[in-house]
Structure formats: structure tokens, C-alpha cells
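Have a look at the structure below before the remarks.
Every number here is computed from the coordinates shown, using simple stated rules; none is lab data. A quick note: this is a predicted structure, and the numbers were derived from the prediction, not measured. With ideal geometry, Cβ positions are generated from the backbone for all residues, glycine too; neighbour counts draw on all protein chains shown.
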Amino acid sequence: MPTLVHEFDWPDRVVVGTVGRPGERTFYLQARTGTRTTSVAMEKQQSAVLAETIDEMLDELAAQDDGLTIPADVPPELLDEDPLDQPVEEDFRTGAIHLGWDPRTAQVLIEAFSLDDEDGDEDTDGPGEPSEMLRVKIPVGAARAFVRRTLAVVEAGRPTCPRCGEPIDPDGHDCAVPDDARPGAA
């Protein structure tokens, strides 16, 4: 069976958002054009690396002297702080992510591939072939806005313990650092 491609060339919206409470959040990369929406689940770390890599790519492109104007900051009109479009229905869980640059349209290309079918079902093209993928192209200003929002979403999770660095759950935290090893202990 061929790979099902969810393609968005000039989407109305591309965001990373979450569902669930801190510590139990599921991250989603969501793209929408008109009434068509695709939501793919991601790991928190995938979301952070995606945003950081896009930011680095934009900085590298901005440093080139090729006449292309790439904003150093987010154009205010492109900021998107709204929640994910509802209902959030997971199309697939993301495995590999590829980034690219389309110089013809001056857009960042994001490709998110579904996790390989580990059961060996015959629904896929074979080992290593994803059954689904999301392909999104976004202009540079929207890419800067995507980076800012994604990093804010990643950081909005549970606070970290100042002593051990582990996340603090809403219902408490058992610090792994013994009392006598904490700063200021005698």
C-alpha cells in the first residue's frame, strides 16, 4: 500500500500544541487549511528539536547574502497562542522528521513520518516504509512564529526541582538529592 501523504503547501495554520495536564501531555503537530486538519502525535523532545533546528536553519539562511529577507524575530501578526483546533484526532504517531528548504517558494519544508509498523503487518510497504506522512511548507515569517510557539509550549510543562533537576508533579515531588547534600545543609 502506498504512503498516505497529508500535504499542506500554504496552510492557514501550523502549530505544536498539547492535550492533557503537565506530566501527562501529548504533543501534536497540527496543520490546517480551510476545514481540513491533520494532527500527528510527537514526543516533547521531538517538538523541541524541531523548533530549534528550524530556528538554526532560518539563522543560517538569513546570514547568506542572496537577497532573501528572513525576519530575525516573529512578526507580531503571525503569533498564534490559540489552543489546538478541536477535536484533536491523532492521524498517526511521528517517527522520523525531515526538514528542508524550498528556494523557489522561500518556504521551510517539514516532513513527519509515521512510526514503522513493528508488528510486521502487511498494511505498510515493508520494513522502513511509513504508512503515512505529513508534509507542510511554511513561509519564513510563519516558521519564526512556529519556533517561538513550540518552544513556549515545551517550556510550559512541569517546573523542575532546583536541587535535582527532575520535574515536579502537581501532587508532589520526592527529591532524589538527600537532605545533607542540598545547598546550605550542615
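Give me the number: length gained by fully extending Trp101 to Ala62, i.e. 0.36 nm times residue separation minus the C-alpha to C-alpha distance, one decimal in nm.
On the way: separation 39, 0.36 × 39 = 14.04 nm, distance 1.27 nm.
Result: 12.8 nm gained on full extension.
Mind running the shape call on the stretch 2-64? Use the C-alpha gyration tensor, a ≥ b ≥ c as the square roots of the eigenvalues: rounded below 1.5 for a/c, prolate if a/b tops b/c, oblate otherwise.
Numbers: a/c = 1.99, a/b = 1.14, b/c = 1.74.
Cα axes put the stretch 2-64 in the oblate bin.
Given the convex hull of the Cα atoms of the chain, what is a quarter of its surface area in nm²?
Details: hull surface 60.5 nm².
Hull-based average projected area comes out at 15.1 nm².
For His98, what charge total do you get from the other residues with a beta carbon under 12 Å from its beta carbon, if Lys and Arg give +1 and Asp and Glu give -1?
Result for the local shell: 0.
Rank Ala51, Ala63, Ala142 by mean-square fluctuation in a GNM of the chain with C-alpha springs under 10 angstrom and give only the top-ranked residue.
Ala63
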